[in-house]
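What follows is one structure encoded as structure tokens, with my remarks underneath.
The values are calculated or read from the model by the stated rules, or taken from the named source; none is laboratory data. This is a predicted model, so every value here is computed, not measured. Note that we place each Cβ from the backbone using ideal geometry, even for glycine, and neighbour counts take in every protein chain shown. The accessibility values were calculated without ligands, DNA or RNA, using every heavy atom of the protein model including side chains. Shrake-Rupley method; radii C 1.70, N 1.55, O 1.52, S 1.80 Å.
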Amino acid sequence: MSETRLERDSMGEMVVPADALYGAQTARAQENFPISGYRFPRPFLRALGMIKERAARVNMELGLLDSERAMAVMEAAEEVVRGELDRHFVLDIFQTGSGTSTNMNANEVIANRAIQLEGWEGDRTIHPNDHVNLGQSSNDVIPSAIHIAAAVEIRHSLIPALFALQEALGEKAEAFADIIKIGRTHLQDATPIRLGQVFSGYARQVALANRRLETALEGLMELPLGGTAVGTGINTHPQFAGRVITGLAEVTGLPFREASNHFEAQGGKDAVVYASGALKTCASALFKISNDIRFLGSGPRCGLGELILPSVQPGSSIMPGKVNPVMAESLMQVCAQVVGNDAAITLGGLSGNFELNVMMPLLAHNLLESIALLSSGVTQFTRRCVQDLQADRAHCEATVEKSLAMVTSLAPVIGYDRAAQIAKKAHESGRTVREVAREEQVLDEAELERLLDPQPMTAPGIPGKKG
């Protein structure tokens, strides 16, 4: 049987594992919320540690916390930042809606670790509330940690991953610039398009996704620190929040600032909902791109077959030699999860009741999961699919000649109705538009060749009009 110790909080005693750094409040919450097994992710715990470290430093500078305690708290909080104490953060995501349990988990872990570091016993102690949580409330710490963690991960993980994908797609746009293929609308043949133009569209979608994320970052830069319980700032020094946030901006390299209105910042979590919306929009774009590439690579003999996707693993347990578009499918599943996360975040954002949102752990979990999934999914899709994509030039060009949509360039000269008749006859007879038009002598051969040249069809202009 493992050794235990007794810890006490305002509600009484709790049994805690002897080697645990958390205390009675964490143990009580652990009993209350054995819900999912989901834990706060590393970026959130890192942000929480940074807040506690900077709070101790500023409280020392303001003369509110003696230097010995402050230095010990700062050292312990740095261990939280580095991930050295993660095993002591034991609480489920689905807990008190303010995240108070996890804030107290952090306070207890840091307090007990600081005592260990100093070797203090007896009356010389560090209190989780009085010292580690000095000038703070769960109601301003937890939303601040969400903003910090999300902003750091978007800036340093997701945006670079998307930029690398944008560059890879741009490189393919250049490589495929002279390959003409048939376009498709409503899943039906349409007029010719260059494969490079298709990929330029994909690259632009990703670039715009990054731009939207940059806009979302602006809202995340406002931190609720300093509002304490309901936004009024009770029990905190007037300079506390500004100085802590300045320090957080320095350590992260991001322009965090104090919320211009603490009542908005704590009563609502619109910046988180907005950021999730940008992530969902990004996921929508990525789903379209990866699904297009999946279909364009379908085959290899009986599908569209215009792209040749890299073979990364066997595709079937029963069909030898089959290779599937697994990297595209992986990213599509990531995108679907992000859309689902956004739905949960939207519902969480609705729960700003009076002066506090009460679904903040849910918001943190889903927002940070979406960022992490997109960052990893995009990176793998770029490296293991897009960078090694090839085009089947001969197949692309062969299908252009077969398309009934080639008749579009004849319509300005011979009229829509006559062109439609040619397309219908070509379809019924299994011949090409060129063959039927030549048989019916709708135009002389030179003019017919000029109008049915697919290259001019991929640029603005009226094919039947010269000059």
remark   = Among (1) open to solvent by less than 50 Å² (accessible area, probe 1.4 Å); (2) modelled with pLDDT of 95 or more; (3) of a type outside the set (D, E), P454 falls short only on (2)
Of residues in segment 9-30 being part of a loop (DSSP other than H, G, I, E, B) and not polar (S, T, N, Q), the one nearest to N112 (Cα to Cα) = L21
ask   = Taking E7, is it open to solvent by 40 Å² or more (accessible area, probe 1.4 Å) and either out of contact with any Ser or Thr (no Cβ under 7 Å at 6 or more places or on another chain) or not polar (S, T, N, Q) (or both)?
value = yes
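What residue, among those in segment 173-197 that are in a helix (DSSP H, G or I) and either open to solvent by less than 30 Å² (accessible area, probe 1.4 Å) or out of contact with any Gly (no Cβ under 8 Å at 6 or more places or on another chain) (or both), is farthest from L309 (Cα to Cα)?
Of all residues in segment 173-197, those in a helix (DSSP H, G or I) come to 173-175, 195-197.
From what is left, the residues that are either open to solvent by less than 30 Å² (accessible area, probe 1.4 Å) or out of contact with any Gly (no Cβ under 8 Å at 6 or more places or on another chain) (or both) are 173, 195-197.
Details: A173: 16, L195: 15, G196: 16, Q197: 18 Å.
The residue in question is Q197.
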key: Matching residues, segment 367-395, being polar (S, T, N, Q) and open to solvent by 10 Å² or more (accessible area, probe 1.4 Å)   = S375, S376, T379, Q380, Q387, Q390
inquiry  = I need every pair where a residue in segment 380-398 that is among the small types (G, A, S) has its Cβ under 8 Å from the Cβ of a residue that is open to solvent by less than 50 Å² (accessible area, probe 1.4 Å) and assigned to a helix (DSSP H, G or I), sequence separation at least 6 or different chains.
reply    = A391/L195
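Which residues, counting only those in segment 223-235, are part of a loop (DSSP other than H, G, I, E, B), open to solvent by less than 30 Å² (accessible area, probe 1.4 Å) and not small (G, A, S)? Lay out the reasoning, then the answer.
Step one: filter segment 223-235 for residues part of a loop (DSSP other than H, G, I, E, B), giving 224-235.
Among the residues that remain, those that are also open to solvent by less than 30 Å² (accessible area, probe 1.4 Å) are: 224-228, 231, 233.
Residues satisfying the conditions are P224, L225, T228.
Could you list all residues from segment 236-251 that are part of a loop (DSSP other than H, G, I, E, B) and touching a residue at least 12 places away in the same chain (Cβ under 8 Å)?
Narrowing segment 236-251 to residues part of a loop (DSSP other than H, G, I, E, B): 236-239.
Scanning segment 236-251 gives T236, H237, Q239.
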inquiry  = Here are the criteria: (1) among the aromatic types (F, W, Y); (2) under 25 Å from G135 (Cβ atoms); (3) open to solvent by 30 Å² or more (accessible area, probe 1.4 Å). Tell me which single one Y22 does not satisfy.
reply    = (3)
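Which residue out of A336, A343, A394 is over 18 Å from the mean Cα position of the chain (by Cα) and over 17 Å from I146 (Cβ atoms)? Even if it seems obvious, please write down each step before you answer.
Details: A336 fails: over 18 Å from the mean Cα position of the chain (by Cα); A343 fails: over 18 Å from the mean Cα position of the chain (by Cα).
The unique qualifying residue is A394.
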Test for L134: is it buried (at least 20 other Cβ atoms within 10 Å of the Cβ) and out of contact with any strand residue (DSSP E or B) (no Cβ under 7 Å at 6 or more places or on another chain) = yes
message = I need the full set of residues from segment 396-425 which are open to solvent by less than 60 Å² (accessible area, probe 1.4 Å), within 30 Å of R294 (Cβ to Cβ) and part of a helix (DSSP H, G or I), in order please.
response = C396, A398, T399, V400, L404, A405, M406, V407, A423
task = Six or more apart or on different chains, Cβ under 7 Å: which pairs go from a residue in segment 155-181 that's farther than 16 Å from I371 by Cβ and touching a residue at least 12 places away in the same chain (Cβ under 8 Å) to one that's open to solvent by 60 Å² or more (accessible area, probe 1.4 Å) and not in a helix (DSSP H, G or I)? Could you list them?
result = I180/Q455
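Taking the conditions exactly as written (open to solvent by less than 20 Å² (accessible area, probe 1.4 Å) and either outside any helix (DSSP H, G or I) or more than 30 Å from G247 (Cα to Cα) (or both)), does G201 satisfy them or not?
Details: open to solvent by less than 20 Å² (accessible area, probe 1.4 Å): no; either outside any helix (DSSP H, G or I) or more than 30 Å from G247 (Cα to Cα) (or both): yes.
When the stated conditions are applied, G201 does not pass them.
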ask   = Of the residues G135, G122, which single one is within 28 Å of L217 (Cα to Cα) and over 32 Å from the mean Cα position of the chain (by Cα)?
value = G135
key: Selected residue (criterion: farthest from L195 (Cα to Cα)) from residues of segment 137-179 that are among the hydroxyl-bearing types (S, T, Y) and in contact with a helix residue (DSSP H, G or I) (Cβ under 7 Å, 6 or more places away or on another chain)   = S138
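Answer with yes or no whether R211 is open to solvent by 20 Å² or more (accessible area, probe 1.4 Å), under 15 Å from the mean Cα position of the chain (by Cα) and among the charged types (D, E, K, R).
On the way: open to solvent by 20 Å² or more (accessible area, probe 1.4 Å): yes; under 15 Å from the mean Cα position of the chain (by Cα): yes; among the charged types (D, E, K, R): yes.
Yes; evaluated as a whole, the condition is true for this residue.
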query = What number of residues in segment 29-47 are of a type in the set (K, R) and either within 11 Å of Q95 (Cα to Cα) or open to solvent by less than 50 Å² (accessible area, probe 1.4 Å) (or both)?
reply = 1
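Keeping to segment 61-88, report how many residues are open to solvent by 20 Å² or more (accessible area, probe 1.4 Å) and within 33 Å of the chain's Cα centre (by Cα).
Taking segment 61-88 as the starting set, the residues that turn out to be open to solvent by 20 Å² or more (accessible area, probe 1.4 Å) are 61-64, 66-69, 71, 75, 78, 81-84, 86-87.
Applying the additional criterion that residues be within 33 Å of the chain's Cα centre (by Cα) yields 75, 78, 81-84, 86-87.
Count: 8.
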